[in-house]
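Reading through the structure tokens given below for one structure.
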Amino acid sequence: MSELLTQLGINWKLLAAQAANFGLLLIILKLTVYGPLLKLLKERREKIEGGIRDAKLAGEKLKAADAITAGKIAEGEKKALLILSATEKRSKELEAELMAVAKQKEKETLAQAREEARVLIAEEKRKFHEEAARLLRHAIEKTTRAAPDAIDEKLIREAALEMAKSN
């Protein structure tokens, strides 16, 4: 075999030295470059995987936050509708109360006006009767001075004339 290597132009001592140099270079590179490079790549891969996990987790949290926000908005809208309906109901109640108070005031005012009208009518009737009595007394005095047989007809005519003049 050594003849074969010699015929091929390979020096086995030189090949062994080169193999030892390559092994030594390989060990040095492994310790100084390959190990730290593998460690750096491993850390980078872990960092990227952690970022992906964090992004997925953040996406899930964002979806959950969106769902919570949508729920809160819906709840707020329901509360707003409840407040609006309660306000509307209260305004209708107040309107009904005000209408009842207004009707009561109207009744009181109408009763007061009726009472005042009754008092005025009574006063006017009293004045009318006094005036009618005065006019009749006056008419009777004038007619009694005339002839007794024409007293009835004349009395009625004169009473009517006196009443017409006073109105």
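The values are calculated or read from the model by the stated rules, or taken from the named source; none is laboratory data. On a predicted model such as this, the values are computed, not experimentally measured, just so you know. Note that each Cβ is placed from the backbone with ideal geometry, even for glycine, and that neighbours are counted across all protein chains shown.
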Boolean, residue 71 is at pLDDT below 95, part of a helix (DSSP H, G or I) and under 19 Å from the mean Cα position of the chain (by Cα): yes
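What is the residue count in segment 39-70 for residues that are within 30 Å of residue 29 (Cα to Cα) and of a type in the set (A, V, I, L, M)?
So the count comes out to 3.
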Yes/no for residue 10 being without any contact (Cβ under 8 Å) to a residue 60 or more places away in the chain, of a type in the set (Val, Ile, Thr) and outside any helix (DSSP H, G or I): yes
Selected residue (only one of 38, 31, 25, 4 is loosely packed, with under 10 Cβ neighbours inside 10 Å, in a helix (DSSP H, G or I) and not β-branched (Val, Ile, Thr)): 4
One residue from 142, 105, 127 being in a helix (DSSP H, G or I) and at pLDDT 95 or above: 105
